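The values are calculated or read from the model by the stated rules, or taken from the named source; none is laboratory data. Remember, it's a predicted structure, so these values are computed and weren't measured experimentally. Note: ideal-geometry Cβ built from the backbone for every residue, glycine included; neighbour counts use all protein chains shown. Quick note on the areas: whole protein, heavy atoms, side chains included, nothing else; ligands and nucleic acids left out. Shrake-Rupley method; radii C 1.70, N 1.55, O 1.52, S 1.80 Å.
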Amino acid sequence: MGHAGQFAEIIVDINARGVDRVFHYAVPEMYQDKITVGSRVLVNFGSRQIAGYVVGFGTPAGEVKVREISGILDAEPVFTMELLEIARWMADSYLCSTAEALGRIISPRLGIKNARVVKLLYPALPDWEMEDALKLMARSPKQAAVLRTAMERPGLSRRELSAAAHADPKTVDVLIDKRLLKAAVKTFSSFQDLSLRGGTRSPALRLNRDQEAAFREVSGALKKRRFSAFLLHGVTGSGKTEVYLQAISAALAAGLQAVALVPEISLTPQMIDLFYGRFGEQVAVLHSGLAGRERYNEWLRVKEGRAPVVLGTRSAVFAPLPNPGLFILDEEHEPSYKQDDHLRYHAREVALKRAQLSGAVVVLGSATPSLESWFRSGRGGPYKLLKLPHRIDEKPLPRVKIVDLRQEIKEGNRSIFSRNLVSAICARLQKGEQTLLFLNRRGYATFVVCRECGHVIKCDRCDISLTYHLDGTLRCHYCNYQTKMPEKCPSCGSRSIRYFGVGTQKVEDEAKILFPQARILRMDSDSTSRRGSHERILSTFRQGQADILIGTQMIAKGLDFPMVTLVGVVNADTSLFMPDFRAAERTFQLLTQVAGRAGRADLPGEVLVQTYCPDHYSITAAARHDCEGFYQVEMPVRSALGYPPYSYLARLLFTHEDEAEISKGAALAKEILDKTLAGHDNFIEVLGPAPAPLSRIKGRYRWQLVIKGPRRNELRDIIRESMETLQKCRPAFRPVINVDINPQGMQ
Ligand code: ADP
Ligand code: ZN
Ligand code: ZN
C-alpha cells in the first residue's frame with residue numbers, strides 16, 4: 001500500500017504500564033501490500049512474540065534497532081481509522097491503555113483465526129455404503145453416533161457435529177482419518193439463514209403528527225451531515241420504534257449506515273423480526289450471545305458495507321461501519337449500557353464520540369430519560385428535545401395505586417402482601433386474567449426502615465441510605481460514616497425499626513400459601529442462569545399457562561403480555577433505598593416501566609405499588625406518570641449535593657485478599673489524592689475510603705474511594721497522577737485498582 005521505505009507504527013497488545021506507545025517495526029517485502037492501518041500482526045517484543053496493531057507508518061526519531069514484523073494475524077484489517085481514534089479517546093477518558101481499548105473494540109472478531117473459511121463435514125460415502133460402515137461399528141457407539149448425526153445433518157462444523165452427537169471432537173477426527181467423513185472448505189456467503197427468521201414484511205407505518213415532527217428533525221439533521229444529538233422523550237407505547245425505523249431508512253437513502261442499540265433485555269425475537277421485516281438482509285444483529293462464527297460473519301458484513309443496519313446490544317456500538325450516519329440508543333437511561341467490569345465504558349458516551357468524529361446524528365430514546373440526558377436537552381443544552389407525549393391509539397396509561405404498608409402493620413398484617421394486593425390478585429384469578437409481581441433487584445445491601453413511620457436512616461452528608469452490617473453497625477458507602485444500629489426509630493420512637501430485604505423466593509413461597517389454586521412462575525437470575533430458560537418462562541406465561549409471574553426487573557421492560565391486567569410492585573423501597581445517589585431516579589424509571597406493562601392490549605390495567613414511603617416523590621410522580629414533575633424535584637437535590645449531572649463522579653475500587661492490607665492501601669491512596677489536590681483550586685472532593693456495599697466477592701475484600709468534581713478532565717488527570725504516585729511509593733502494594741469514571745452503580 002505504498003509505504004516503501006517506511007516503518008510500521010505498532011501498538012503492542014500487552015497491558016503494562018510504559019508500553020502504551022508506538023513502536024516501529026520494518027515491513028518485510030512479502031507483506032508490503034498486505035499490511036495497512038488496522039492490520040493485526042505478530043511481532044517480537046522483548047523475548048516474546050505477541051500481537052500488535054498497526055496504527056500508522058513513519059520513521060523512528062533517532063537511532064534505534066528496528067526489528068521486522070514476523071507475521072500477519074488476519075486476512076483483513078480489524079479496525080478503521082475512526083475506530084482507532086475512538087480507542088485513543090477511550091484510553092484517554094477511561095484511563096486504560098490503547099491496546100486494551102482496541103481489544104474491546106474488535107473483540108467480536110476474536111476467537112476466530114483466518115476466519116473466512118471454515119471446514120464443514122459431510123459423509124464421505126453414499127448412504128448405502130455408510131449403512132454398511134455403521135454395521136461394522138457396533139463396538140464404537142460414539143463413532144456410530146457421530147456418523148449418524150453427520151448423515152442426518154450434513155454440513156456441520158467439527159465442533160457442532162461433536163456437540164450434536166454428544167461425542168468428543170477427537171472422535172470426529174478419527175472418522176475423518178478413516179475417510180468416512182470428508183471436510184469441505186466453505187467461505188461464508190452472506191446471510192444464510194434469512195429464510196429461518198420468519199421474514200414477515202413490516203411496511204412503514206403512517207406516522208402520526210408527533211412522530212412526523214420528530215422524524216422531520218432527525219432526517220433534516222441527517223441531510224446536513226453534521227454532528228447533532230436528540231433526546232426523544234416518548235411515553236411507553238408512543239411509537240418511538242417507528243421513528244427509529246424511519247430515521248434509519250432516511251440514513252440509508254443518504255448512503256449512510258445506522259446502528260440501533262437496545263438493552264440486553266429488549267433484544268427479543270420480536271424486535272429482531274421487526275428489523276428484518278423492514279430492512280431484510282441489510283440487517284446485522286450483533287450481541288454477545290452469538291457464537292464466534294456467526295458473530296464474525298455479521299461483523300464482516302457490517303465492515304464491508306453489506307449490512308448497513310446494525311441492531312445490537314452495548315458492544316455493537318463498536319460496529320465497524322464504513323460511513324456511520326446514525327446512532328440510536330433505545331431506553332438510553334438503562335444502566336446496562338455501561339460496561340461494568342474491566343474497561344468501564346458507557347455506550348452512550350462512545351456513540352456520541354463516534355458521531356462527533358464522523359458528523360453523524362445521535363438519537364437517545366426513552367420514556368424516562370436519565371437525568372444527565374434530560375439536563376443536556378434543557379434550554380441551551382447540546383441535545384435537542386423531541387417529544388411523543390401520547391400513546392399511539394390514545395389508550396389511557398394504567399391507573400397506579402399506592403399501598404401504604406405502614407397502615408398494614410398498624411392493622412396487624414405482617415405479610416408481604418397487603419390486603420389490597422391480595423384481593424386484586426383474587427379478582428384476576430377469578431376472571432382468568434394474569435398478574436405480574438415485580439420485585440426489584442435482589443438486594444445486595446440491607447437498609448434499615450421503620451415499619452411504623454417509614455423513616456430510613458441516611459448519611460447526612462451524602463444523602464444515601466446507610467447499610468446494615470453484621471457487626472451491628474450502619475455505614476455510609478461513600479464517606480464511611482458509621483453509627484450503631486438504633487434501638488428505636490429516631491423519628492417516631494417505635495421499636496419496629498429493622499433491616500429489610502425480600503427475595504423473589506420468599507414472595508413465591510408466600511404466594512403459594514395465599515393462592516393455592518394459582519399457577520405461579522418465578523423468573524430471576526437464579527432461575528434463568530441457563531441460556532434460553534428466560535425465553536421459555538416468558539413464552540409459557542404469554543401463552544396463558546400460568547396465572548402469576550414473579551420476577552425482578554427482567555420482567556419490567558420491552559415485553560407485551562396481552563392478558564396481564566394487574567401489576568403488583570411488592571416493595572418499591574428496595575430500590576428507593578439502595579445506597580446510591582441514583583436510587584430515586586432508578587426507582588422512578590423502574591416503576592414507570594413496570595406500570596407500562598399493564599393494560600397494553602384491550603383490557604384495562606391496574607398497578608399496585610406497595611411501599612413504606614407512600615409520599616416519596618419518586619413514587620408519587622411515577623404513579624401520576626409525571627416525568628417532568630420528578631425531574632423538578634430531583635434536579636435541585638442533585639445540585640445541592642453536587643452529584644451528576646451537576647458534577648462528575650469517579651470511583652476507585654480496590655480489591656485484595658487481605659483486609660488489613662486493603663484498608664491501609666486505600667487510606668494511602670486517599671492521602672496521595674489529597675496531596676495531589678492540595679494547591680489546586682478545583683473543587684474536587686474525595687470521599688472514603690469505605691468498604692463497597694458488596695464488601696467481599698470470591699474471597700477478595702473490596703474498598704472504594706468516591707471522587708467528585710465539576711470537570712471531568714480534571715478529575716481524570718488527578719486520578720491518573722495519583723495512581724502513578726501510588727505505584728511509585730508503594731510498589732509492593734498490589735491491589736487490583738479499578739477506575740470507573742462516571743459509574744452507574746457502586747455495588
Ligand atoms: P414505544 O417504543 O414508544 O413504547 P412502540 O414503538 O412499542 O412504542 O409502539 C407501540 C405500538 O404502536 C406498536 O404496536 C406499534 O406498531 C404501533 N405504532 C407505532 N407507530 C404507529 C403509527 N404511526 N400508526 C399505527 N400504529 C403505530
Ligand atoms: Zn456519607
Ligand atoms: Zn419511625
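For first residues located in region 41-61 and on the phi < 0 side of the Ramachandran plot, partners that are of a type in the set (G, A, S) and in a strand (DSSP E or B) and lie 6+ apart or on another chain with Cβ distances below 7 Å form the pairs V41/G52; V41/G71; L42/A51; L42/G71; V43/G52; V54/A8; F57/A8.
For every residue, the table says whether it meets (1) within 16 Å of ligand 3 (Cβ to nearest atom); (2) closer than 17 Å to I497 by Cβ; (3) in contact (Cβ under 8 Å) with a residue 40 or more places away in the chain; (4) surrounded by fewer than 22 Cβ atoms within 10 Å (Cβ to Cβ).
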| residue | (1), (2), (3), (4) |
| --- | --- |
| E408 | yes, yes, no, yes |
| N413 | no, no, no, yes |
| V422 | no, no, yes, yes |
| E433 | no, no, yes, yes |
| V448 | yes, yes, yes, yes |
| C453 | yes, yes, yes, yes |
| V456 | yes, yes, yes, yes |
| I464 | no, no, yes, no |
| T467 | no, yes, yes, no |
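Criterion applied to P490, P486 was being open to solvent by 70 Å² or more (accessible area, probe 1.4 Å), at pLDDT 80 or above and within 16 Å of ligand 3 (Cβ to nearest atom), and the one residue passing it is P490. G665 meets all of the listed conditions (1) farther than 30 Å from K410 by Cβ; (2) in contact with a Lys or Arg (Cβ under 8 Å, 6 or more places away or on another chain); (3) in the same structural domain as A583 (by TED's automatic domain parsing) but one, namely (3).
E334 passes every criterion in (1) at positive phi; (2) crowded, with 19+ Cβ neighbours inside 10 Å apart from (1).
Residues in region 474-516 that are within 16 Å of ligand 2 (Cβ to nearest atom) and hydrophobic (A, V, I, L, M, F, W, C): L474, C476, C479. Apart from one condition, L196 fits all of (1) among the hydrophobic types (A, V, I, L, M, F, W, C); (2) part of a helix (DSSP H, G or I); (3) at pLDDT 95 or above; the exception is (3). Each residue in region 79-95 was checked for being touching a residue at least 60 places away in the same chain (Cβ under 8 Å) and under 23 Å from A26 (Cα atoms), and 2 of them qualify. Of the residues making up region 616-627, those that are at pLDDT 95 or above and either over 22 Å from K395 (Cβ atoms) or open to solvent by 50 Å² or more (accessible area, probe 1.4 Å) (or both) are H616, Y617, S618, I619, T620. If I go through region 493-524 residue by residue, how many of them are among the polar types (S, T, N, Q) and away from ligand 3 (no atom under 16 Å from the Cβ)? Selection size over region 493-524: 3. Regarding region 607-614, can at least one residue be identified that is open to solvent by 20 Å² or more (accessible area, probe 1.4 Å) and not in a loop (DSSP other than H, G, I, E, B)? No: zero hits. The residues in region 422-451 that are part of a loop (DSSP other than H, G, I, E, B) and either under 25 Å from R586 (Cα atoms) or within 16 Å of ligand 1 (Cβ to nearest atom) (or both) can be counted, and the count is 9. A Cβ distance below 7 Å, combined with a sequence gap of six or more or placement on separate chains, defines the contacts here; from region 233-257, residues that are under 15 Å from L386 (Cα atoms) and open to solvent by 30 Å² or more (accessible area, probe 1.4 Å) reach residues that are within 8 Å of ligand 1 (Cβ to nearest atom) and of a type outside the set (A, V, I, L, M) in the pairs V235/R391. L677 satisfies every condition listed in (1) out of contact with any Lys or Arg (no Cβ under 7 Å at 6 or more places or on another chain); (2) at pLDDT 80 or above; (3) of a type outside the set (S, T, N, Q); (4) under 18 Å from L653 (Cβ atoms) except (4).
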